[in-house]
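Q: Got a structure for you, questions after.
The values are calculated or read from the model by the stated rules, or taken from the named source; none is laboratory data. On a predicted model such as this, the values are computed, not experimentally measured, just so you know. Ideal geometry is used to build each Cβ from the backbone, glycine not excepted, and the neighbour counts take in all protein chains shown. Surface areas here come from the heavy atoms of the whole protein model, side chains and all, with no ligands, DNA or RNA. Shrake-Rupley method; radii C 1.70, N 1.55, O 1.52, S 1.80 Å.
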Amino acid sequence: MSILRSAGILGTGHYAPEKILTNEDLEKIVDTNDEWIRTRTGIETRHIAADDENTSDLCVKAVEKALEAAHLTAQDIDFVIVATTSPDYIVPSTACMLQNKLGISHVGAMDLTAACSGYVYALAVASQMVKSGMYEHILIVGAEILSRLVNWKDRSTCILFGDGAGAAVVGPTDEGYGLLSSDLGADGSLGSILSIPAGGTAERITQESIDSGRAYVHMEGQEVFKAAVRHMGKTTVAALEKAGLSGKDVDMFIAHQANDRIIQAVAKRLKVPEDKMYVNVNRYGNTSAASVGIALDEAVRKGRIKRGDIVVLSAFGSGLTWGCDVLKWNY
Ligand SMILES: CC(C)(COP(=O)(O)OP(=O)(O)OC[C@H]1O[C@@H](n2cnc3c(N)ncnc32)[C@H](O)[C@@H]1OP(=O)(O)O)[C@@H](O)C(=O)NCCC(=O)NCCS
């Protein structure tokens, strides 16, 4: 067992459900309009899971593509991490559902809850497990069906979110490549500005909590917006500094796809130009833990990332949580 070898992403994949919900479709559900949504958020469409699709089903489809890209099979995997806020069940974990569906029900599996920062957290955790020699090939998946947790009567939140999954295989890579640094942070004192108040042990689900909307996503939009810009900027600078880099060294910046205005504000702070960013929030909306994984996979498949590139993944979400991973791309 080698000590502190390099670890990186060996392959990526994503899946988005077939059904697409447009801003025009939303105009028929709540009092909103395409122009308001586009100018405030940059979102035009989002994907919505079918009734017979669960979060673990989205995971399976994203993982199949990631395994294929990594030239590996499920049998090569020795640990599974699923980052999600919309699990199939409270228990068992969605990671356990996934490993069973993949036919590898002998390997370790756990869910990780860091809301929209989940993929960035999961990559940092998995990379350390590979670097230490504990495991060889770890599956990480960010996956969400937030369409089942938003209040479809609340126009300020239901327009924002979408469903999907982004996956990666994390494994050993050439020395000096792969994950160079991570910065993970949180501030629980601000948990209430983006939360689902009822449904846990603190507040049980009752007919009243359903009727009042407390069983669904609650958000103080402007507070979340300001915190997102501040913390995503700071965590990205901190992670880059740990790697001895700065904004000018970045070849590809992938921020959590929550809102185009947040992404542009953070990129401006970091002085990362438009052609070194990947943005797809217009097509997916905010897919929470899945968003960075989906965007990364699209950027890779479109040939926007090549070996040696400095790739920066940065996210922010409920908790509050935030985090950034800096990679020297290894393939
Ligand atoms: C949600 C967000 C788009 C709202 O934009 P905003 O400019 O802050 O808008 P406000 O909340 O101040 O609302 C302005 C007005 O638009 C209205 N409005 C809210 N949602 C609307 C919608 N979907 N369509 C039309 N009008 C809407 C409000 O009711 C308010 O009306 P009023 O002035 O008559 O009271 C913005 O705050 C945001 O993006 N926040 C961050 C959200 C986020 O990314 N969360 C996830 C982080 S992981």
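Q: At a 1.4 Å probe radius, carbon and sulfur cover how many percent of the accessible area of region 32-180? Walk me through the numbers before you get to the answer.
A: Numbers: 2920 of 5700 Å².
Reported share for carbon and sulfur atoms: 51 percent.
Q: Grab every C-alpha pair in region 208-304, bin the distances at 10 angstrom width from 0 up to the longest one, and report whole percents.
A: Reading upward from the zero bin: 15, 41, 30, 10, 4, 0.
Q: Which one, THR84, GLN222, LEU26, projects farthest toward the positive side of the charge dipole computed for the chain from Cβ point charges (K/R +1, D/E -1)?
A: GLN222
Q: Between SER117, SER291, SER147, which gets the highest mean-square fluctuation from a Gaussian network model of the chain, Cα cutoff 10 Å?
A: Sorting by GNM fluctuation, first place goes to SER147.
Q: Hey, another quick one. Using 0.36 nm per residue of separation minus the Cα-Cα distance, give me the extension gain between LYS28 and LYS306 in nm, one decimal. Intermediate results must be reported in sequence, preceding the final value.
A: Values: separation 278, 0.36 × 278 = 100.08 nm, distance 4.31 nm.
Roughly 95.8 nm would be gained on extension.
Q: Rounded to the nearest whole Å², what accessible area per residue is found for region 112-166 with the 1.4 Å probe?
A: 27
Q: OK, next. Select from THR39, THR236, THR157 the residue whose mean-square fluctuation is largest in a Gaussian network model of the chain (Cα-Cα springs shorter than 10 Å).
A: Comparing THR39, THR236, THR157 in the GNM, the peak value goes to THR39.
Q: Here is a further query. Which listed residue (THR41, LEU240, ALA62) has the Cα farthest towards the positive end of the charge dipole for the chain, taking +1 on Lys and Arg C-beta and -1 on Asp and Glu C-beta about the Cα centre?
A: It is LEU240, whose Cα lies furthest towards the positive end.
Q: Right, next: Enumerate the aspartates and glutamates that LYS226 could reach by cross-link, defined here as Cα to Cα under 20 Å, with residues fewer than 8 away along the same chain left out.
A: Of all the aspartates and glutamates, those that pass the test against LYS226 - Cα under 20 Å, at least 8 places apart if same chain - are ASP183, ASP187, ASP260.
Q: Follow-up question, since we're still on this one. Holding the Cα-Cα limit at 32 Å, pick out from LYS61/LYS131; LYS101/LYS234; LYS65/LYS328; LYS242/LYS306 the pairs that are longer than that.
A: LYS101/LYS234, as the Cα separations exceed 32 Å there.
Q: Which of the chymotrypsin sites (Phe, Trp or Tyr not before Pro) found in region 27-117 are loop residues per DSSP with 15 or fewer other Cβ atoms within 10 Å of their Cβ?
A: Values: sites: TRP36, PHE79, TYR89; in loops: TYR89.
Listed in order of number, the matching sites are TYR89.
Q: Now, a different point. Could you tell me what fraction of 2.2 N^0.38 Å the Cα radius of gyration of region 168-245 comes to, as a two-decimal ratio?
A: Here the Cα radius of gyration is 1.63 times the empirical estimate.
Q: In addition: About its Cα centre, what dipole magnitude does region 1-103 give when the only charges are +1 on Lys and Arg Cβ and -1 on Asp and Glu Cβ, stated in debye to the nearest 20? Numbers along the way, then the final one.
A: Working: 9 positive and 17 negative charges, 104 e Å.
My answer is approximately 500 debye.
Q: Ok, one more. Using the eigenvalues of the Cα gyration tensor, what equivalent ellipsoid semi-axes result for the chain when each is taken as the square root of five times the eigenvalue, whole Å, largest first? If you can, show how the numbers build up before the last one.
A: Values: eigenvalues 173, 108, 65 Å².
Result for the chain: semi-axes of 29, 23, 18 Å.
Q: Quick one: dipole size for the chain, taken about the Cα centre, charges +1 on Lys/Arg Cβ and -1 on Asp/Glu Cβ, in debye to the nearest 20.
A: Dipole of the chain, to the nearest 20 debye: 940 debye.
Q: Related question: Wrap a convex hull around the Cα atoms of region 24-148, take a quarter of its surface area, and give that in square nanometres.
A: 9.3
Q: Applying a 10 Å radius around every beta-carbon, put 283-289, 181-187, 315-321 in order of their mean neighbour count, most first. Don't skip to the answer; put the middle values down first.
A: Values: 283-289: 28.6, 181-187: 18.1, 315-321: 25.9.
Packing order, densest peptide first, comes out as 283-289, 315-321, 181-187.
Q: A further question on this structure: Placing +1 on the Cβ of each Lys and Arg and -1 on the Cβ of each Asp and Glu in the chain, which of LEU270, GLY188, ALA95 has its Cα farthest towards the positive end of the resulting dipole?
A: LEU270
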